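*Asks:* Sharing a structure below in structure tokens format, with a few things to ask.
The values are calculated or read from the model by the stated rules, or taken from the named source; none is laboratory data. Just so you know, these numbers come straight off a predicted model, no measurement behind them. When we count neighbours, we look across all protein chains shown, and the Cβ atoms used for this are built from the backbone with ideal geometry, even at glycine. Protein only, heavy atoms only, side chains kept; ligands, DNA and RNA dropped before computing areas. Shrake-Rupley method; radii C 1.70, N 1.55, O 1.52, S 1.80 Å.
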Amino acid sequence: YPLERTFLAIKPDGVQRKLVGEIIRRFETKGFTLVGLKILNVSRELAEQHYDVHKERPFFAGLVEFITSGPVVAMVWEGEGVVSSARKIIGATNPLAAEPGTIRGDFGINIGRNLIHGSDAIETAQREIALWFKEEEIANWEPTLMAWTRE
Ligand code: DAT
Ligand code: MG
């Protein structure tokens, strides 16, 4: 299958609220493969680069402030269709509008505290993975149970 990867980051609210295991579980049980994982305090520089597309928006300063306010769990996940599927698992940007069953729909109520980031397209994912991870921080592996989650 075409190797597809996405970048996900559990934001400081998700880490502080002890939702890391719950969130990882959803992608793991769905059938995606975890190939990159670390916890870090995000520098202002990294935060500004990550959210560069939003730099003219009124919420940009608050967003950078928030994402640098505590540890973030940065991840790379792999699998067929993982970019768009992860966005569905995450739910709409505003947790109040997000469907129940999604991460934001189940655990959030505020757009500025929406728990998790997920790349919005394959090209964005490539850019974000390169920004957050070194090549040697990615584990290339294939689950031996793969035969049971795909044809
Ligand atoms: P998403 O995270 O769903 O890709 P986005 O890329 O449009 O959403 O925005 C990035 C983050 O910025 C989002 O997760 C939360 C914050 N944000 C977006 N719109 C906002 C708004 N109107 N007010 C406050 N924060 C906002
Ligand atoms: Mg986005």
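*Asks:* Return one whole number: the accessible area per residue of region 1-41 in Å², for a 1.4 Å probe.
*Replies:* Value returned for region 1-41: 51 Å² of accessible area per residue.
*Asks:* In whole Hz, with x marking every Gly and Pro, tabulate ³J(HN,Hα) for region 16-21 from phi via Karplus 6.51 cos²θ - 1.76 cosθ + 1.60, θ = phi - 60°.
*Replies:* So the Karplus estimates, Gly and Pro as x, are 4, 8, 6, 9, 4, x Hz.
*Asks:* Considering only protein heavy atoms, what is the solvent-accessible area of Leu3 at a probe of 1.4 Å, reported in Å² to the nearest 10?
*Replies:* 120 Å²
*Asks:* Pick out, in residue order, every one of the GluC sites (Glu not before Pro) in region 19-116 that is DSSP loop and has at most 12 other C-beta atoms within 10 Å; say none if there are none.
*Replies:* Glu56
*Asks:* If you count, for each residue, the other Cβ atoms within 10 Å and average over each peptide, how do 11-20, 132-141 line up from highest to lowest?
*Replies:* Put in order of decreasing packing, that is 11-20, 132-141.
*Asks:* Using θ = phi - 60° and the Karplus curve 6.51 cos²θ - 1.76 cosθ + 1.60, what whole-Hz ³J(HN,Hα) does each residue of region 78-89 get, with Gly and Pro shown as x?
*Replies:* 10, x, 4, x, 5, 4, 6, 5, 5, 4, 5, 5
*Asks:* Would you check the chain for Lys pairs whose C-alpha atoms are within less than 17 Å, ignoring same-chain pairs closer than 8 in sequence, and give me the count?
*Replies:* 4
*Asks:* Kindly state, to the nearest 0.05, the FRET efficiency for Arg150 paired with Asp120, given R0 = 30 Å and r defined as their beta-carbon distance.
*Replies:* In this case the efficiency is close to 0.80.
*Asks:* Can you give the FRET efficiency to the nearest 0.05 for Gln16 and Asn140, using r as the Cβ-Cβ distance and R₀ = 22 Å?
*Replies:* Details: r = 32 Å, r/R0 = 1.44.
The calculated FRET efficiency here is 0.10.
*Asks:* What share of the DSSP beta bridges in the chain is antiparallel, in percent to the nearest 5?
*Replies:* Numbers: 17 of 18 bridges.
Bridges in the chain are about 95 percent antiparallel.
*Asks:* Using helices alone, what [θ] at 222 nm do you get for the chain, with -39,500 (n - 2.57) per DSSP H run of 4 or more residues, divided over all residues and rounded to the nearest 500?
*Replies:* -10000 deg cm²/dmol
*Asks:* Turning to a different aspect of this structure: Mind listing the long-range amide H neighbours of Val42? Cut-off is under 5 Å, sequence gap 5 or more, other chains count too, H placed in the peptide plane at 1.01 Å from N.
*Replies:* Gly70, Val72
*Asks:* Under the rule a/c < 1.5 gives rounded, and otherwise a/b versus b/c splits prolate from oblate, where does region 35-140 land using the Cα gyration tensor?
*Replies:* In terms of gyration-tensor shape, oblate.
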